[in-house]
Amino acid sequence: MATYLSNDFRSGLKIMFEGEPYSIESSEFVKPGKGQAFARVKMRRLLTGSRVEKTFKSTDSAEGADVVDMTLQYSYNDGDFFYFMHPESFEQYQVESKVLEDVQKWLQDNADCIVTLWNNKAIAVQPPNFIEAEVIETDPGLKGDTAGTGGKPATLATGAVVKVPLFVQIGEVVKVDTRSGEYVSRVK
């Protein structure tokens, strides 16, 4: 695996730190007027999803993490595990439900997800950036009910709850950004 100096750290780079894989979210190289240069790095621990801020000296280095990102199709779940399938080899991968705590509300059958594997074990799942889902529960938008609200909660078929405009009704399909959890548009 490659070794990276701290001034080579870039967003998206995956490194080994304290024996575990981390993904760098942002890196700022600082060269003070007095003293040694350093990199201020924000990174995410891939095993737990927790975020860490760390300062590296300019002479520090880190080993590249031996992780693989694969595009897999979501198949089903049995409560304890979620199952994904490789679209070409049809090989099945099982992912523990605790890995998917934050993203399982965005999973739809046959959706292409990016699954991160480390030592042949799934450690992270990224759902599609946008999904289209049916609204199964929401309050009816009353005429003239626009005073400062800007929206109403709606439950989607996937189980996610998002804030939608007042004109959206039960049975309509909406497009949602899974990264922010925000309503994007109504699908015709």
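The values are calculated or read from the model by the stated rules, or taken from the named source; none is laboratory data. Predicted model only: the values in this text are computed from it and were never measured. As a convention, Cβ positions derive from the backbone with ideal geometry for all residues, glycine included, and neighbour counts pool all protein chains shown.
Go over the candidates T48, T59 one by one and state the one that is hydroxyl-bearing (S, T, Y), under 17 Å from N119 (Cα atoms) and out of contact with any Cys (no Cβ under 7 Å at 6 or more places or on another chain).
One residue alone meets the criteria, T48.
Name every residue in the stretch 1-54 that is in a loop (DSSP other than H, G, I, E, B) and crowded, with 18+ Cβ neighbours inside 10 Å, in order of residue number.
Correct list: F9, L13, L46.
Restricting to strands (runs of 3 or more DSSP E) lying wholly in the stretch 91-166: which have 2 or more residues that are modelled with pLDDT of 90 or more and over 30 Å from V68 (Cα atoms)?
Correct list: 130-138, 152-156, 161-164.
Could you check, for the stretch 174-186, whether at least one of its residues is of a type in the set (G, A, S) and either at pLDDT 90 or above or assigned to a strand (DSSP E or B) (or both)?
There is at least one residue in the stretch 174-186 that is of a type in the set (G, A, S) and either at pLDDT 90 or above or assigned to a strand (DSSP E or B) (or both).
Could you check, for the stretch 100-119, whether at least one of its residues is surrounded by 14 or more Cβ atoms within 10 Å (Cβ to Cβ) and over 16 Å from the mean Cα position of the chain (by Cα)?
Yes: the stretch 100-119 contains one or more residues that are surrounded by 14 or more Cβ atoms within 10 Å (Cβ to Cβ) and over 16 Å from the mean Cα position of the chain (by Cα).
If you go through the stretch 15-61 one residue at a time, how many are among the basic types (K, R) and touching a residue at least 60 places away in the same chain (Cβ under 8 Å)?
Summing the residues that are among the basic types (K, R) and touching a residue at least 60 places away in the same chain (Cβ under 8 Å) in the stretch 15-61 gives 0.
With the requirement that a residue be among the hydrophobic types (A, V, I, L, M, F, W, C) and closer than 20 Å to S23 by Cα, what does the stretch 73-103 give you?
Of everything in the stretch 73-103, those that are among the hydrophobic types (A, V, I, L, M, F, W, C) and closer than 20 Å to S23 by Cα turn out to be V95, V99, L100, V103.
Can you tell me which condition T48 does not meet? The list is (1) within 20 Å of T178 (Cα to Cα); (2) in contact with a strand residue (DSSP E or B) (Cβ under 6 Å, 6 or more places away or on another chain); (3) of a type in the set (S, T, Y), and all the others hold.
That leaves (2) as the condition not met.
Residue by residue through the stretch 76-90, note down the ones that are surrounded by 14 or more Cβ atoms within 10 Å (Cβ to Cβ) and not in a loop (DSSP other than H, G, I, E, B).
N77, F81, F82, Y83, F84, M85
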